[in-house]
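The values are calculated or read from the model by the stated rules, or taken from the named source; none is laboratory data. In this text, all values refer to a predicted model and were calculated from it rather than measured experimentally. Note that each Cβ is placed from the backbone with ideal geometry, even for glycine, and that neighbours are counted across all protein chains shown.
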Amino acid sequence: MLAPPKIWWRKLGRYEKNWVIIAFVWCLLLSAMMPLWLVFGKQNVPVTTFRVTTADFERITQEFAALYQVGEEQGLPIVAPPPGDVYIYGRQWQWYPILKLELGEEYRVHLSSLDVLHGFSIQPVNLNFMAVPGYDYVLTLTPTTTGEFSIVCNEYCYVGHHLMVGKIIVE
């Protein structure tokens with residue numbers, strides 16, 4: 001049996017060597033950017049997270065909705081809470097309740113899921129988070145534009161996934 005020709009043992013050509021160097025420097029730059037973006041980036045994910053039972057989160061959210069309800073749309077309460085803590089959960093196949101927020105006010109949105117993993121995506125501003133059963137994620141949100149914003153589930157949650165749409169109203 002003969003060894004393969006030693007063409008792959010040849011030295012790199014000038015252009016190949018330049019591209020390998022450029023790729024290596026690019027990899028080093030991107031690797032350095034990850035910790036820098038974590039420290040200096042303005043789009044970091046929330047770090048406030050609590051463990052919570054799904055039954056407790058459902059109870060707290062329903063009490064919150066009953067306290068601040070100002071209307072109803074398709075069987076879901078529309079709540080207009082004061083700035084501060086607001087609660088919303090996902091369950092197959094809906095977001096509960098509909099939030100009515102004030103422009104320029106800061107809200108701490110408590111987010112969870114009651115059954116399976118759901119993606120929480122506010123459109124058209126494209127803010128994406130995950131609603132995980134057993135966890136209360138606290139998102140700090142300050143609305144800067146008025147209008148109606150859709151909340152869509154962007155994590156497949158079985159048959160009715162395409163129907164899972166909620167709403168945030170900013171006035």
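General observations
- Within the set L163, L111, L99, the sole residue that is surrounded by fewer than 19 Cβ atoms within 10 Å (Cβ to Cβ) and of a type outside the set (V, I, T) turns out to be L163.
- Some residue of region 39-49 being modelled with pLDDT of 85 or more, within 37 Å of the chain's Cα centre (by Cα) and under 30 Å from L114 (Cβ atoms): yes
- Residue under evaluation T140, criteria (1) assigned to a strand (DSSP E or B); (2) surrounded by 11 or more Cβ atoms within 10 Å (Cβ to Cβ), criterion not met: (2)
- Here K100 meets the list (1) touching a Leu at 6+ places or on another chain (Cβ under 9 Å); (2) at pLDDT 95 or above almost entirely, failing just condition (1).
- Whichever residue in region 123-137 is without any contact (Cβ under 8 Å) to a residue 60 or more places away in the chain and surrounded by fewer than 19 Cβ atoms within 10 Å (Cβ to Cβ) and, among such residues, is nearest to R51 (Cα to Cα): V132
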